[in-house]
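Novice: Here it is, the structure in full.
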Amino acid sequence: MPPLTRLFIWSFFCLLPLHLNANDATPVSTTKPTQSTIAETLTLSGSLTAEKEAMLSPRVDGLVQQVLVDAGSEVEKGDLLVKLDPAIASQQYAQTQAATAEAEAARNEAQRLVDEAQRLRGKNYISASELANRESNLALAEASLVAARATQRTALEQLRRHELPAPFSGVISAKMTEAGEWINRGTAVLQLVATDKVRLDVKVPQERFSSIKKDSPVQVIPDVYPDRRLPGQINAIVPVSDPQARAFLVRVVVDASEIDLLPGTSATAVIGLSDGERQKLIVPRDALLLHPDGGYSVFVVEEGVAERRQVQIGQQGQGGVSILDGIEIDDEVVIRGNEVLRDQQNVTVTN
């Protein structure tokens, strides 16, 4: 066999495996795009505050007789917290009770005289003027009894106000008085914080104002429970920007029914930002291939063949990247193995 022929045959068999390897199907993983109006997420830190927090003060002036709670005490609505010395108020109430009894006796006597006069008038033993006079005295006695009873109720309310009840359930966070002190109305003696409902206040940059709505999805990650994601709901968006921070306040109510959150601690809010009502296609970041010119492309599998498509991307978030143009909702987008693919190369989907 001539040497040239042997060289040709040797070259053919050497190149044959390379040709066969080039046509082998490359294993890839794919996924279909998802639709969402959420363009990206905004992560912000803030402070947890109690939905209810009150500085409690006495309802009357007086001397503190007893403080029934201390800092850290858990109380229920209506529980007695502070008692003032009720000595003077008790005596005043006793006086009103006596005045009411006197007015009631006077009314009863006036009623008796009227009943007697009506019987005598029926037999024409007394004049009509006498009957009218007794009826007038009865009306005055009844009015005096009504006034006495009102005064008694006022004195009873004054006596009750020497006790300070809890306006809602919560925890006593601060105690500012002790037995023996004289306190006036308006002087804070206890601080009560409700721990059943907490809210997260975050400062949002002003350029994000139009993207945040009250129905935007929110997840809250407490710093004391970094592995928990709690559902939240935007309760208020304050449309007044801080001129120094160039940010506005967003208040998120946290559903903390499963765990106890501590007011005053920090937490992170992950807010989904909406970019209009139009549905966008979202793909994982791994599907994108960056070009030297700054553009992006993805591989789409059709009938076992990988096809490179130029795409236009939108905003990026934790859920993926929004694709504005280049793919459809039913396309199988390659997310694994796309780094070594070439256009029109055979692939095998191994999800």
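Novice: Take residue 250 and decide whether it is of a type in the set (Val, Ile, Thr), in the same structural domain as residue 47 (by TED's automatic domain parsing) and closer than 30 Å to residue 69 by Cβ. Let's see the steps before the verdict.
Specialist: Working: of a type in the set (Val, Ile, Thr): yes; in the same structural domain as residue 47 (by TED's automatic domain parsing): yes; closer than 30 Å to residue 69 by Cβ: no.
Answer is no for this residue.
Novice: Moving on. Please tell me if residue 97 is under 43 Å from the mean Cα position of the chain (by Cα) and not assigned by TED's automatic domain parsing to the domain that holds residue 304.
Specialist: Working: under 43 Å from the mean Cα position of the chain (by Cα): no; not assigned by TED's automatic domain parsing to the domain that holds residue 304: yes.
Answer is no for this residue.
Novice: Ok, one more. Within the range 192-240, take every residue that is polar (S, T, N, Q) and without any contact (Cβ under 8 Å) to a residue 24 or more places away in the chain and give me the one that is nearest to residue 71 (Cα to Cα). Outline the logic, then answer.
Specialist: We begin by selecting, within the range 192-240, every residue polar (S, T, N, Q); these are 195, 206, 210-211, 216, 219, 233, 235.
Okay, now just the ones that are also without any contact (Cβ under 8 Å) to a residue 24 or more places away in the chain, so 210, 233.
Working: 210: 43, 233: 31 Å.
Within the range 192-240, the match that is nearest to residue 71 (Cα to Cα) is 233.
Novice: Can you tell me which residue in the range 109-131 is farthest from the chain's Cα centre (by Cα), limited to those that are surrounded by 13 or more Cβ atoms within 10 Å (Cβ to Cβ) and without any contact (Cβ under 8 Å) to a residue 24 or more places away in the chain? Give the steps one after another, and end with the answer.
Specialist: The initial filter retains those residues of the range 109-131 that are surrounded by 13 or more Cβ atoms within 10 Å (Cβ to Cβ), namely 109-111, 113-114, 116-118, 120-121, 126, 130-131.
Now restrict to residues that are without any contact (Cβ under 8 Å) to a residue 24 or more places away in the chain: 116-118, 120-121, 126, 130-131.
Details: 116: 70, 117: 71, 118: 70, 120: 76, 121: 75, 126: 77, 130: 73, 131: 70 Å.
Across the range 109-131, the extreme among qualifying residues is 126.
Novice: I would also like to ask the following. Does any residue of the range 60-68 turn out to be at pLDDT below 95, touching a Ser or Thr at 6+ places or on another chain (Cβ under 7 Å), outside any helix (DSSP H, G or I) and among the small types (Gly, Ala, Ser)?
Specialist: No, the range 60-68 contains no residue that is at pLDDT below 95, touching a Ser or Thr at 6+ places or on another chain (Cβ under 7 Å), outside any helix (DSSP H, G or I) and among the small types (Gly, Ala, Ser).
Novice: I'd like to know if the range 234-246 contains one or more residues that are touching a Ser or Thr at 6+ places or on another chain (Cβ under 8 Å), among the aliphatic types (A, V, I, L, M) and not assigned by TED's automatic domain parsing to the domain that holds residue 62.
Specialist: First, pick out the residues of the range 234-246 that are touching a Ser or Thr at 6+ places or on another chain (Cβ under 8 Å): 234.
Those left that are additionally among the aliphatic types (A, V, I, L, M): 234.
After this cut, where a residue has to be not assigned by TED's automatic domain parsing to the domain that holds residue 62 as well, the list is 234.
Yes - at least one qualifying residue is present in the range 234-246.
Novice: Go through (1) touching a residue at least 40 places away in the same chain (Cβ under 8 Å); (2) farther than 30 Å from residue 193 by Cβ; (3) not polar (S, T, N, Q) for residue 58 and report which single condition fails.
Specialist: (2)
Novice: Could you please give the count of residues in the range 67-77 that are surrounded by fewer than 19 Cβ atoms within 10 Å (Cβ to Cβ) and under 14 Å from residue 194 (Cα atoms)?
Specialist: Residues meeting the conditions: 6.
Novice: Anything in the range 72-88 that is of a type in the set (Gly, Ala, Ser) and either assigned to a loop (DSSP other than H, G, I, E, B) or touching a strand residue (DSSP E or B) at 6+ places or on another chain (Cβ under 8 Å) (or both)? List them, or say none.
Specialist: Of the residues in the range 72-88, the ones of a type in the set (Gly, Ala, Ser) are 72-73, 78, 87.
Passing the criteria: 72, 73, 78.
Novice: Okay, next question. Report, ordered by the first and then the second residue, all pairs with beta carbons closer than 6 Å, sequence separation of six or more or different chains, a first member in the range 171-187 that is touching a residue at least 24 places away in the same chain (Cβ under 8 Å), and a second member that is crowded, with 17+ Cβ neighbours inside 10 Å and of a type in the set (Gly, Ala, Ser).
Specialist: Matching pairs, first to second residue: 172/73; 186/57; 187/57.
Novice: With (1) assigned to a loop (DSSP other than H, G, I, E, B); (2) at pLDDT 90 or above as the list, and residue 299 as the residue in question, which single condition is left unmet?
Specialist: (1)
Novice: Kindly state which strands (runs of 3 or more DSSP E) lie completely within the range 137-246 and contain at least 3 residues that are β-branched (Val, Ile, Thr).
Specialist: Working: elements: 163-165, 170-175, 190-193, 198-205, 218-222, 230-242.
Those strands (runs of 3 or more DSSP E) span 198-205, 218-222, 230-242.
Novice: On the given criteria, is residue 127 more than 30 Å from residue 220 (Cα to Cα) and either among the β-branched types (Val, Ile, Thr) or at pLDDT below 95 (or both)? Before the answer, list the steps.
Specialist: On the way: more than 30 Å from residue 220 (Cα to Cα): yes; either among the β-branched types (Val, Ile, Thr) or at pLDDT below 95 (or both): yes.
For residue 127, the condition - more than 30 Å from residue 220 (Cα to Cα) and either among the β-branched types (Val, Ile, Thr) or at pLDDT below 95 (or both) - is met.
Novice: If you take the residues in the range 302-324 that are of a type in the set (A, V, I, L, M) and surrounded by fewer than 17 Cβ atoms within 10 Å (Cβ to Cβ), which one is modelled with the highest pLDDT?
Specialist: 305
Novice: Can you name the residue in the range 325-351 that is surrounded by fewer than 16 Cβ atoms within 10 Å (Cβ to Cβ) and part of a loop (DSSP other than H, G, I, E, B) and is also farthest from the chain's Cα centre (by Cα) among such residues?
Specialist: So, considering only residues that are surrounded by fewer than 16 Cβ atoms within 10 Å (Cβ to Cβ) and part of a loop (DSSP other than H, G, I, E, B), the one farthest from the chain's Cα centre (by Cα) is 344.
Novice: While we're looking at this one, here's another question. Name the single residue, out of those in the range 133-185 being among the acidic types (Asp, Glu) and surrounded by fewer than 17 Cβ atoms within 10 Å (Cβ to Cβ), that is farthest from residue 112 (Cα to Cα). Step through it out loud before you land on a result.
Specialist: Taking the range 133-185 and keeping what is among the acidic types (Asp, Glu), we get 135, 142, 157, 163, 178, 181.
Checking which are surrounded by fewer than 17 Cβ atoms within 10 Å (Cβ to Cβ) leaves us with 135, 142, 157, 178, 181.
Working: 135: 10, 142: 13, 157: 33, 178: 55, 181: 52 Å.
Looking at residues that are among the acidic types (Asp, Glu) and surrounded by fewer than 17 Cβ atoms within 10 Å (Cβ to Cβ), I get 178.
The values are calculated or read from the model by the stated rules, or taken from the named source; none is laboratory data. Just so it is clear, the structure is predicted and the values come from calculations on it, not from any experiment. Virtual Cβ from ideal backbone geometry, glycine too; neighbours counted across all protein chains shown.
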